[in-house]
Structure formats: structure tokens, C-alpha cells
Amino acid sequence: MSVQPFPGSPTPVLVLVSGEHAETLREVFWRYSREYDIRTATTCREACAVTAAALAEGAPVAMFVSDSRLPDEDDVLAAFAQWRTLVPTARRLVVSPFDRFLADAPGLRAGMAQGKYDAYLLMPRGTRDEEFHYAVTELLSDWGWTTTDPDIVVAKIVAPAHDPLAQQIRDFFERMGMPCRIITPDSEIGRRVATAFPADAGYPRVWAVNREPMVATSVRDIARSFFETPAERELAAETDPEVVDVAVVGGGPAGLATAVYAASEGLSTVVLDASAIGGQAGTSSMIRNYLGFPRGIAGMRLAQRARNQALRFGTRFHTGWEVEELVAGTDGEPHTLRGPDFALRARTVVVASGVRYRHLGVPAVEDLIGRGVNYGTAMSLSREMEDQDVVVVGGGNSAGQAAVHLARFARSVTVVVRRPTLAETMSAYLVGEIEFNPRITVEPCTQVVDGGGEGRLEWVTLESSVTGERRRHETRGLFLLLGAEPHCGWLPGEVDLDARGFVLTGRDVPPTRWVDGLPPANLATSVPGVFAAGDVRAGSMKRVAAATGEGASVVPLVHEFLAPD
């Protein structure tokens, strides 16, 4: 059965497969027929034919929904493997009727842990099963965000092909949950947008409804233009700015958790972040081991939900405000945070500025940043890697998540890691997904030592640390996720750091800084009223859940510090 509700671009297809319950699935998924083309099949082979027909029509396949047992396949996971070969980007859902849901579950759970499919659900038995549809909608939302170009965009970015700044701006918009599109100047839309700019205007040009057209010189320009209100501009210009209870520097998981708990308890709270919220976690394609999200959640979505939660409690967010200096208050005076064009005073400061990826240090590769070479996942570039060979460098969870996500698009993904195995630094569930995925190859005891191309990346040189052998590897995308360097250059000397530059807290603060022989509180630094949480703190776990926990845990310490004697 096929439903084509709207003319124009091909409608995404949902393929429903069941030998016994095809009619039931059709009824269950009828609510999606306004926006999706619902097609059914009774066997794995028939589903392959239905999928091939859809692809021949130019229609994207968004999801496979299969009964837990099929007439022509003893193992439904083998069917998913065939469908994955046809459409690697489609989401995969197993549904089982009530009478065999529990019986089939044990044999299927291991496959979900390996990433062979995305969710296992009980087939609805009533007219409305909103829990079932919540799961379906989540998967379709994730598919739409990561796989398709947006139908409606907030902004158009006009720039020549492979413009590094244009790609950074697009990544910023998408991490902030604002769909956009890069358009070349010689395109029809590019020429139309050009009429809003002077003839000699440079690039990238950013055009958005209800905003003045602008030529961007940095991501910060965009952040301030789109997310700064007139009141915030006045606040930045004040010579005697207001004093807030808590200033949080950094909008990653630790900073967002601090904002939610501080604001919910009545503290005036401000979050300052130089770029998009979410920190490194915000670039993760799918975090599968975060408590309470059994099907996983994209880092961007987690950050957006936390931001909205903090806003509901009254937190103010200043996006594009990069802190360059902290002046510690003395004798009970507030601390002062300063940037290029602002100053903010706060009774307490929570340092949650996180970490940045270490640089590779290979000049030929560094010269191609933004032209095929990227630090971090750069989720917005995933679609451009379709049918390309890409390389991911790093052995942590972020690298594993990037490899799994890129494998949906790329022809091949090579994970380069210095250690003998990924298991030493990566969570087992990701190691399992990588081992299962035929598109991903791991190169242990290897590093990138050179790279080049005509105007953009075309190849890298890989060197074995065991044999010293070097070989050239053709690639159009290099994603570098090389561990953590703390972002602490803006902190004053009074805030003690460890040898690697991470902020010392609690008993790790040198005893010479203790007061009356007692160390600071667990998340307090060597400066009274200045706290640290998340990855920037020495000894932290470098995990999203741990950072969130520290962000929540720091709030009682802030309360205690602010409490009158």
C-alpha cells in the first residue's frame, strides 16, 4: 500500500514487514501516512524489493519496522543486515506481538547492544499506544535531523564551496537546533540573496527572515546577532553591571546542570558560552549510555532540552560571550568576568568551560582545517561524506560515536588509534558496534603523520608505531578527536591548576591554600566563591553523566557560600 500525501520532493518511506501482522502494523502506522509513504511487505525478500523500488523512485527510506519473526528468515537480525546494506541511514525497529514478546527478547537484546537495530517494542494492542508512538517519533526525529536536508531553514549561508567559516556557522546553527543551508553564490538562491548585500560584500553572507543581512567574520558574530537581545547589549555596555548570584562559564553538561539546579532554587543565574551550548557532548551523534534514555539521545538534543529547562527556571544565557579574564573579588566583593566587550559581576563563579580537542600538530593537516579536516564530529558534515572514505582519529567514546554515525553515510570509516585496542579507552557497547559494522576498520598502533590535497583534503599518510611503515590512505574527511586539553587560560593565577592545566578542587588544592588547616569543599577551588565542575576539573571522569552530577552537586556548595554567617 502506498500513500503520497504531498506533491513535490519524494516522500520518505516507512517499510513495515510482517508475515502475520502486516494489516495490524498498517493500522498502527496510519497516523504517519500524512507525512510518510507507508509500504508493507510480508517477507524479508519482499521488503528488499519494496526498498529497491523506493530508492529507484528517489524516495528516502526513513525506517524499517519488522516483526520479531519473518517467514523467510530464521533470524530477523539477518534481515536487518540486508536492509542496512540497502539503506544504512534508515532507523530499524523490531516489534513483537504480545504472545511472544518475552520469548523473543533474550535472543534480540545482544543485537541491539551491537547496534544491529535501534529499538525493540511491544506491538500495540489498542487504538492508542502513545508510549509506542513516542519511541517511533523519537527515531524518526533523529533520522530527520541527521540524514535529510531541512525543508524549512532559519538562515541561508551564501559562500563559495568548502568555505571553512561557512561550515563552522552551519555547525553552530545546527547545534543550536536551528536548521540552515549553505548555498553557493552562483546558484539561483545565491543570486537572489546577493541583492540584499552591497556588490563588494565578502563571504559568508548570512540571510535570515526578520534580521538584517550580515557578512560574518566569525561564529561569534552569528551567536551575538541571533541570540543577544537589546537588553543584553545594554548589560554588556554598563560600566557598573549588576551582580548575579551565580555565573556559569561554559554551556556543556556540567554548566547546564548547574544552571538548572541553581535557577530552580531561586538563585539569579547566568550562563556564558563562547559558542553553541553542549560542549563536546553537544557534538555527539548518539549517547547511548546516559541514564533514562534507553534508545539513546543525540548530544545536541540533550543540550537543547537542558537549556530549555534552565530557561524555564529563569536562567539567562549569553551565547557568544567568550570570557577572557576572571578578576577574583577580595574582602567579600563580587568576582568580575570580562570579555572583549562585556563585564559581568557575580557573587560566585562556576568554572565549567570544559576541554578542547588536542591538535594533531601536523602542519600540512592543520592547513586544511575546514576543508576536509575537522576537530570534533562536525555533525553537519556527515551528509557530505556520503560514498566517501573517511578517517576518525581517537580512541575515546566521542571517536567511537563519530565512527558509528559516519558509517551511515561514508563508504568506509577507518578509526586510527595509538593504542593496541579500542577496549582500553572506549565503552564496551561502542566497541561492539564498531566490530559489528562492516564499514568500519580499526587501525591500532597507528597515527596520522601527513596529509594533503588540491584545495581540500584528499589523502593522509598513516604510520605504524610498531613497524614504522608508512602508507598513503585516500580520504575526503578527517575527524580528529584526540583527547582533552582544559580551557583555563582565562583563569587568574590564584586558581591552582595541576601539571596538565586542569583546575584543582577540594583536597587536591595545595595545603598552603587551605584555610585553618581545612581543605576547600569537594568542588571548590583555591579561590573562595569560585567552583569547578565537569571535564575542566582535575580528576573528573570525563563522562556526560559525571559532568551532569558535578553540575548539580556544586549548587549546595554555592548556597553554603552565599549563606549569611
Any chance segment 534-552 includes a residue that's exposed (fewer than 15 other Cβ atoms within 10 Å of the Cβ), acidic (Asp, Glu) and farther than 20 Å from Val327 by Cβ? no
Counted residues, segment 74-93 - those being among the aromatic types (Phe, Trp, Tyr) and in contact with a helix residue (DSSP H, G or I) (Cβ under 7 Å, 6 or more places away or on another chain): 1
In this structure, is Asp74 modelled with pLDDT under 95, over 30 Å from the mean Cα position of the chain (by Cα) and not assigned by TED's automatic domain parsing to the domain that holds Glu435? yes
Name the residue, out of Gly501, Gly534, Gly539, Gly489, that is touching a strand residue (DSSP E or B) at 6+ places or on another chain (Cβ under 8 Å) and in a loop (DSSP other than H, G, I, E, B). Gly501
Whichever residue in segment 359-376 is among the small types (Gly, Ala, Ser) and farther than 25 Å from Ala532 by Cα and, among such residues, is farthest from the chain's Cα centre (by Cα): Ala364
What about Pro528, is it farther than 30 Å from Ala403 by Cα, of a type outside the set (Gly, Ala, Ser), part of a loop (DSSP other than H, G, I, E, B) and free of Cβ contacts under 8 Å to residues at least 24 places away in the same chain? no
Here is a check on your reading of the model: is Leu406 out of contact with any Asp or Glu (no Cβ under 7 Å at 6 or more places or on another chain) and modelled with pLDDT of 90 or more? yes
Being crowded, with 24+ Cβ neighbours inside 10 Å and modelled with pLDDT under 90: is that true of Gly376 here? no
Criterion violated by Arg356 - all others in (1) buried (at least 22 other Cβ atoms within 10 Å of the Cβ); (2) under 20 Å from the mean Cα position of the chain (by Cα); (3) assigned to a strand (DSSP E or B) satisfied: (1)
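Report the residue count in segment 312-326 for those that are of a type outside the set (Gly, Ala, Ser) and surrounded by fewer than 15 Cβ atoms within 10 Å (Cβ to Cβ).
The total comes to 3.
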Taking segment 493-515 and keeping only residues that are over 19 Å from Val327 (Cα atoms) and in contact (Cβ under 8 Å) with a residue 24 or more places away in the chain, one is left with Asp498, Arg500, Asp508
Within segment 175-203, can you find the residues that are in contact (Cβ under 8 Å) with a residue 40 or more places away in the chain and in contact with a Pro (Cβ under 9 Å, 6 or more places away or on another chain)? Tyr203
Within the bounds of segment 401-415, is there any residue that is surrounded by 24 or more Cβ atoms within 10 Å (Cβ to Cβ) and more than 20 Å from the chain's Cα centre (by Cα)? no
Which of the numbered conditions does Thr319 fail, given that it passes all the others? Conditions: (1) of a type in the set (Val, Ile, Thr); (2) touching an Asp or Glu at 6+ places or on another chain (Cβ under 7 Å); (3) under 30 Å from Val449 (Cβ atoms). (3)
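Only one of Ile152, Ile182 is surrounded by 17 or more Cβ atoms within 10 Å (Cβ to Cβ) and aliphatic (A, V, I, L, M); which?
Values: Ile152 fails: surrounded by 17 or more Cβ atoms within 10 Å (Cβ to Cβ).
Result: Ile182 is the single residue among Ile152, Ile182 that is surrounded by 17 or more Cβ atoms within 10 Å (Cβ to Cβ) and aliphatic (A, V, I, L, M).
Out of all the residues in segment 312-334, is one or more within 19 Å of Asp142 (Cα to Cα) and free of Cβ contacts under 8 Å to residues at least 12 places away in the same chain?
No, segment 312-334 contains no residue that is within 19 Å of Asp142 (Cα to Cα) and free of Cβ contacts under 8 Å to residues at least 12 places away in the same chain.
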Report, by residue number, each residue of segment 343-379 that is among the small types (Gly, Ala, Ser) and in contact (Cβ under 8 Å) with a residue 60 or more places away in the chain. Ala343, Ala346, Ala352, Ser353, Gly354, Ala364, Gly370, Gly372, Gly376, Ala378
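The values are calculated or read from the model by the stated rules, or taken from the named source; none is laboratory data. What you see is a predicted model; the values in this text were computed from it and never measured. Quick reminder, even Gly has a Cβ in these numbers, built from the backbone with ideal geometry, and neighbours come from all protein chains shown.
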